[in-house]
Amino acid sequence: MNFPVGTVVTKGDLPNKAVAIANELAEKKFNGYIVQTVKGEIIEEGTLFFRDGTLSACVVECMVLKRIYKGKEALDLFLNQTKGKGFFQVVELTRSQVDLVEAFDETIMLHEVNLKELPKLIPVTYGIKFKGNAKRENVLERYGLSDLKK
C-alpha cells in the first residue's frame, strides 16, 4: 500500500490497546493513519485512517495472496490484527493529505463508525484470516541435487 509519508508520532508492538489509541487520536482531532503489520501464517498489513479524529477509511492487504480488502470488511480484519503479533506506527498527515487518499479511492471509506462501539468489534484473541497456499520449493531439487536429501 502506498500512502503519503508523514511524521511517525507513535510506534510499538502488537497486540496493542487499540481502543485507548483510537480514543486518544479522536481527542486530538488527529489526521493521519495507523499502519500495522502482523504475521499470522503469512504477513498482512492494515491501515486505518483518521480525519479530524474520526475513523474515516481502512485498507488491509495480504501481498502473498494478492488480496486487498477495503472499507467495513477491512475494518473487521484490521481490528483482528490488533490482537496479533507484529508492530504498528501512528503516522500524522495533514487534513488535505487524508482527503486526497480518500478521494483517490472512495471504496476504502468507512461510514459512521462509533468509537464507543469499538470494544465490541475487537476480538478477544487474534484469529488467522489468511491461509498461505505458497508452495515450498525444494532448493536441492532446483539445483538438480535432490539425491542429497535424506
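Assorted remarks:
- Residue count for segment 59-78, restricted to those that are among the aliphatic types (A, V, I, L, M) and assigned to a strand (DSSP E or B): 3.
- Any hit, segment 79-86, residues being part of a helix (DSSP H, G or I), polar (S, T, N, Q) and surrounded by 13 or more Cβ atoms within 10 Å (Cβ to Cβ): yes
- Residues within segment 1-20 that are of a type in the set (A, V, I, L, M), surrounded by 11 or more Cβ atoms within 10 Å (Cβ to Cβ) and farther than 14 Å from ILE122 by Cα, tallied: 3
Every read-out reported here was derived from the displayed coordinates using simple, explicitly stated rules and does not represent laboratory data. These numbers come from a predicted model, not from an experiment. Cβ atoms come from the backbone with ideal geometry, glycine included; neighbour counts cover every protein chain shown.
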